[in-house]
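First the structure, in the form of structure tokens, and then the observations on it.
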Amino acid sequence: MSFDLLDHYSLDKQPNFPPRTLPVGFMLRLAKALHTYGMTAYELENTMKRVGETLGFGVQCLAQPTNLIMSFSHPEEPEPKTYVFRVDQGEVNLERQIQVNTVVRDVMSESITVSEGAHQLKAIANSGARFGVKGQMAGFALLSAGIAHLLGGAVAEMLVAFFIGMLTALIAVKFLKTDSLKYLFPTLSAILSALVANFVASLGWLSSPYIATVAGVIVLVPGLPLTTAVAELARQNMVSGTARLVYAGTIFLQIGFGVAIGNAIGTGLFPAQPVTFEWYLPDWSLWLSIAYAGIGLCFLFQSRPVDMHWVVLGGCIAFAATWYGAQLFGQVLGAFIGAFITGLVANLFERISGITRAVMLMPGIILLVPGSVGFQSLSLMVEKNVLEGIDTAFSMSFVAIALVTGLLFSSLILPPKEL
């Protein structure tokens, strides 16, 4: 996971790339911006094709997690021109998605010129993040505490997960100064989370170190990349989907390995003590957990404060639809129903408000994705419970496919609004 959205691969610094004020230069930077702020490969490729047609160009775009390949043809040019450039792996930034989408609409409607749109893209890229270090810490902590409650944890598990989430965020935004540390971040965070949970359990204050550990590193569990990967494969974006799938699997392995190390050290240094008192919150408080987890996602996704209630509502709708669906039809169909209803609501929201559907869809999907199930599968395999681990992994796969199928059905019935 990357936490630095600065432009490390500026096209302005690359030789032989057209300036941003020309149509091709604008489209190159537009594709880069859409990718950086979290647009999926199939949406990006379709958007660039439409923008190219509006500007009189034939555009072929191949979007991959860490690079873009774009070819431009024009009636006045004797042959196409192709550009290949490196990009940071995209992360969801809801505010910048809205800003870039506005630029796309204005250029396509000829409300502004290509040159003006290019300068607006540069201003968006150079603008400071909506939420700084404190916002990131709050986002990690609130989401971790909420997930701990959803996983069945008592108040103690929620408090420990809250602390672990803050600690993980602090490490992410303050201490990842070298590439080696960035690449080891999932493993190091998982080790630290397991150590903290086992230490608290040794004081007799925690009945389930596992819940606290999972919730504490839930932000790092690649449930969203996994679901995006399956969605891209389902839409025949083979290269991007396969790359994301392998990436998600690698992060799962890193986290699972880190937890195994942390538990091995933690249980040796801090033997668990029996808990004498457990305080569980009433069932209705789950909705409060969804609400403050949604607020945490606002910070993590850099959402505009004015959209906070939509983010929280998206999470509540996804959770309610999935929970009731699972009660009636089981886990897999429950995930399908949750994704289907969330997708319909998000598409309707986009059509009515004109704001990108990601504002409601992404928080909802985060609460639906099978990340914690995948983490549980790895934990079982590390503990040499192979059969149950494989069974859990298959469950995760079916849940991921159910989510993607639900989203595809929702877009079939009520297609998302085109830019």
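Only one of the numbered conditions (1) in contact with a Leu (Cβ under 8 Å, 6 or more places away or on another chain); (2) outside any helix (DSSP H, G or I) is violated by GLY256, and that is (2).
Residue-by-condition table, conditions (1) among the hydroxyl-bearing types (Ser, Thr, Tyr); (2) within 20 Å of the chain's Cα centre (by Cα); (3) over 22 Å from CYS316 (Cβ atoms):
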residue: ILE98; (1), (2), (3): no, yes, no
residue: GLY135; (1), (2), (3): no, yes, no
residue: LEU159; (1), (2), (3): no, no, yes
residue: VAL173; (1), (2), (3): no, yes, yes
residue: THR187; (1), (2), (3): yes, yes, yes
residue: ILE191; (1), (2), (3): no, no, yes
residue: GLY204; (1), (2), (3): no, no, yes
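Listed conditions (1) assigned to a helix (DSSP H, G or I); (2) under 16 Å from GLY38 (Cβ atoms); (3) not hydrophobic (A, V, I, L, M, F, W, C) are all met by THR356, apart from (1).
On the basis of being closer than 16 Å to PHE26 by Cα, among the small types (Gly, Ala, Ser), in a helix (DSSP H, G or I) and without any contact (Cβ under 8 Å) to a residue 12 or more places away in the chain, does ALA118 make the cut? First the steps, then the outcome.
Working: closer than 16 Å to PHE26 by Cα: yes; among the small types (Gly, Ala, Ser): yes; in a helix (DSSP H, G or I): yes; without any contact (Cβ under 8 Å) to a residue 12 or more places away in the chain: no.
No; evaluated as a whole, the condition is false for this residue.
Every condition in (1) touching a Gly at 6+ places or on another chain (Cβ under 7 Å); (2) of a type outside the set (Ser, Thr, Tyr); (3) within 18 Å of SER289 (Cβ to Cβ); (4) part of a helix (DSSP H, G or I) is met by ALA229 except one, and the failing one is (3).
Evaluating THR276 against the criteria (1) outside any loop (DSSP other than H, G, I, E, B); (2) modelled with pLDDT under 85 leaves one unmet condition, (1). The residues of segment 172-216 that are free of Cβ contacts under 8 Å to residues at least 60 places away in the same chain and either touching a Phe, Trp or Tyr at 6+ places or on another chain (Cβ under 6 Å) or closer than 25 Å to TRP279 by Cβ (or both), listed by number, are VAL196, VAL200, SER208, THR213. Within segment 144-163, being buried (at least 19 other Cβ atoms within 10 Å of the Cβ) and part of a loop (DSSP other than H, G, I, E, B) holds for LEU151, GLY153, ALA154.
Note on segment 71-87: among residues that are in contact with a Phe, Trp or Tyr (Cβ under 9 Å, 6 or more places away or on another chain) and assigned to a strand (DSSP E or B), the one that is surrounded by the most Cβ atoms within 10 Å (Cβ to Cβ) is PHE72. Here's a check for you: in segment 311-339, which residue that is within 15 Å of LEU403 (Cβ to Cβ) and open to solvent by 50 Å² or more (accessible area, probe 1.4 Å) is modelled with the highest pLDDT? The extreme case among them is PHE336. The conditions of being in contact with an Asp or Glu (Cβ under 9 Å, 6 or more places away or on another chain), of a type in the set (A, V, I, L, M) and in a loop (DSSP other than H, G, I, E, B) are met by ILE112.
Checked against (1) modelled with pLDDT under 85; (2) surrounded by fewer than 17 Cβ atoms within 10 Å (Cβ to Cβ); (3) closer than 30 Å to ASP12 by Cβ, ALA172 passes all but condition (2).
Would you say VAL217 is under 21 Å from the mean Cα position of the chain (by Cα) and open to solvent by 70 Å² or more (accessible area, probe 1.4 Å)? Taking the combined requirement at face value, the residue does not satisfy it.
All conditions in (1) touching a residue at least 24 places away in the same chain (Cβ under 8 Å); (2) within 25 Å of SER303 (Cβ to Cβ); (3) in a helix (DSSP H, G or I) hold for GLY38, with the sole exception of (3).
If you go through segment 126-143 and keep only what is hydrophobic (A, V, I, L, M, F, W, C) and crowded, with 19+ Cβ neighbours inside 10 Å, you end up with PHE131, MET137, ALA138, PHE140, ALA141, LEU142, LEU143. Among the residues making up segment 183-232, those that are among the aromatic types (Phe, Trp, Tyr) and closer than 20 Å to LEU269 by Cβ are PHE199, TRP205, TYR210.
Do we find that ALA212 is under 23 Å from LEU368 (Cβ atoms), in a helix (DSSP H, G or I) and in contact with a Leu (Cβ under 9 Å, 6 or more places away or on another chain) in this structure? Let's see the steps before the verdict.
Working: under 23 Å from LEU368 (Cβ atoms): yes; in a helix (DSSP H, G or I): yes; in contact with a Leu (Cβ under 9 Å, 6 or more places away or on another chain): yes.
Considered against the rule, which asks whether it is under 23 Å from LEU368 (Cβ atoms), in a helix (DSSP H, G or I) and in contact with a Leu (Cβ under 9 Å, 6 or more places away or on another chain), ALA212 comes out as yes.
The values are calculated or read from the model by the stated rules, or taken from the named source; none is laboratory data. Since we're looking at a predicted model, the values are computed, not measured. Positions of Cβ are backbone-derived with ideal geometry, glycine not excepted, and every protein chain shown enters the neighbour counts. Surface accessibility is based on the protein's heavy atoms, side chains included, excluding ligands, DNA and RNA. Shrake-Rupley method; radii C 1.70, N 1.55, O 1.52, S 1.80 Å.
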